[in-house]
Amino acid sequence: MTISSGKRKQPSLSQLRAFAAVAEHLHFRDAAAAIGMSQPALSGAVSALEESLGVTLLERTTRKVLLSPAGERLAVRAKAVLAAVGALMEEAEAVRAPFTGALRLGVIPTVAPYLLPTVLRLVHERYPHLDLQVHEEQTASLIDGLNSGRLDLLLLAVPLGVPGVVELPLFDEDFMLVTPLDHWLGGREGIPREALKELNLLLLDEGHCLRDQALDICREAGRKDAPVTTTAAGLSTLVQLVAGGLGCTLLPRTALKLETTRSSQLLTGSFAEPAPSRRIALAMRSGAARGAEYEQLAAALREAMRPLPVRVWDGNG
């Protein structure tokens, strides 16, 4: 294409949005569908952006679309500009009316089934104008979504140790040992952690933070080998494997009632103090426009979760 010189017009947000979509999908039809724009309009917006910037952003062939070297560099800038504009709009919305509009909440699978009823009830009763949108994903995906702006707030196990992410602790909860009926530790209290050295412990698949926590607990107990013989994609399957006599597992207390009442072939035991535990928190981007709202939501959630079998965080660690 011919690139004109001279004084150039500033690119529009529509042009930047079109180019960012093409840069992400490398396909005009898919990019147009992703942002709700017709394909001719999208193509025209990208061409207008190239004219405005005076550079060729895309290499077009009959079969595919590629980013030019300049396009690769400027796609990063375009994404940053759009994110900044999104933050501006979010800030304005928060100032106009707190706890309104969309809130995209990411939740890990080992929390969602057990805490979402409390979260949803609180939002429905206290923040009726908040459009809560829930996304259940594993921790790594949630953090990526938070950093990219795809998600606003996370509900997950901490600490994360991720720069630029602020954690708002909600509560700590103990892990319980779930065993088959005939297991020698079934139903016992005050189980020493050292017992984990010899157990056939069933775990979740890789990618679940609960798997990593269970392995850490085993290492702290002095176990040197990784107790991985059978894995499951979710806690429900894991517990049914225990009921079938394949081994034992660790379960957070908030999951205990829902998961263990599905089978009569299970017993639960508690560990000696200090019992292994995990901390659940909200996580937000540092400097989030709605940070004050998220802190208020965290405080409200702490109160709402007091009836649960957890130790609500009081600010003292």
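Sorted from longest to shortest, the spans of the Cα atoms of the stretch 13-93 along the three principal axes equal 43, 24, 19 Å. The value of relative contact order for the stretch 13-93, using C-alpha pairs under 8 Å at least six residues apart, is 31 percent.
Compared with the dominant principal axis of the Cα atoms in the chain, helix 13-25 is inclined by about 60°.
Could you tell me whether the chain comes out rounded, prolate or oblate from its Cα gyration tensor? Rule is a ≥ b ≥ c as square roots of the eigenvalues, rounded for a/c under 1.5, then prolate if a/b exceeds b/c, otherwise oblate. Don't jump to the answer; show the numbers that get you there.
Working: a/c = 2.97, a/b = 2.03, b/c = 1.46.
Here the chain falls in the prolate category.
Hey, what angle do you get for helix 39-53 against the long axis of the chain, alpha-carbon based, 0 to 90 degrees rounded to 10? In the chain, helix 39-53 runs at an angle near 70 degrees to the longest axis.
Packing order of peptides 16-24, 271-279, highest average first: 16-24, 271-279 (average count of other Cβ atoms within 10 Å over each peptide's residues).
With neighbours defined as other Cβ atoms within 10 Å of a residue's Cβ, the residues Thr118, Thr139 order from fewest to most as Thr118, Thr139.
The stretch 174-277: percent of C-alpha pairs farther apart than 25 Å? Don't skip to the end; give the middle numbers.
Values: 391 of 5356 pairs.
Of the Cα pairs, 7 percent sit more than 25 Å apart.
Counting other Cβ atoms within 10 Å as a rough exposure proxy, the listed residues Lys224, Lys9 run Lys224, Lys9 from fewest neighbours to most. Axis angle, to the nearest 10 degrees, between helix 112-126 and the longest C-alpha principal axis of the chain: 60 degrees. For Pro159, neighbours were defined as the other residues whose beta-carbon sits under 14 Å from its Cβ, and their charges (Lys and Arg +1, Asp and Glu -1) total -2. His135 sits among other residues whose Cβ lies under 15 Å from its own Cβ, and their net charge, with Lys and Arg +1 and Asp and Glu -1, is -3.
Going through the stretch 80-185, which trypsin sites (Lys or Arg not before Pro) have at most 16 other Cβ atoms within 10 Å and a DSSP loop state? Could you put the intermediate results ahead of the total?
On the way: sites: Arg96, Arg104, Arg121, Arg126, Arg150; in loops: Arg150.
Answer by residue number: Arg150.
Shown for His25, His129: other C-beta atoms within 10 Å of each C-beta, ranked fewest to most, produce the order His129, His25. For the stretch 97-205, GluC sites (Glu not before Pro) are listed when DSSP marks them as loop and at most 15 other Cβ atoms sit within 10 Å of their Cβ; the list is Glu189, Glu198. Exactly which chymotrypsin sites (Phe, Trp or Tyr not before Pro) in the stretch 167-250 are in a DSSP loop and have at most 14 other Cβ atoms within 10 Å? Passing sites in the stretch 167-250 are Trp184.
Comparing Lys64, Lys197, Lys257 in a Gaussian network model of the chain where C-alpha atoms under 10 Å apart are linked, the largest mean-square fluctuation is found at Lys64.
Between the stretch 176-242 and the stretch 65-127, how many Å separate their Cα centres? Here the two parts' Cα centres lie 35 Å apart. With K and R counted +1 and D and E -1, the other residues having a Cβ less than 12 Å from that of Arg279 yield a net charge of -2.
A short reminder: the numbers here are calculations on the coordinates, not readings from a lab. Since the structure is predicted, the reported quantities are computational estimates derived from the model, not experimental observations. Glycine also receives a Cβ, built like all others from the backbone with ideal geometry; neighbour counts cover every protein chain displayed.
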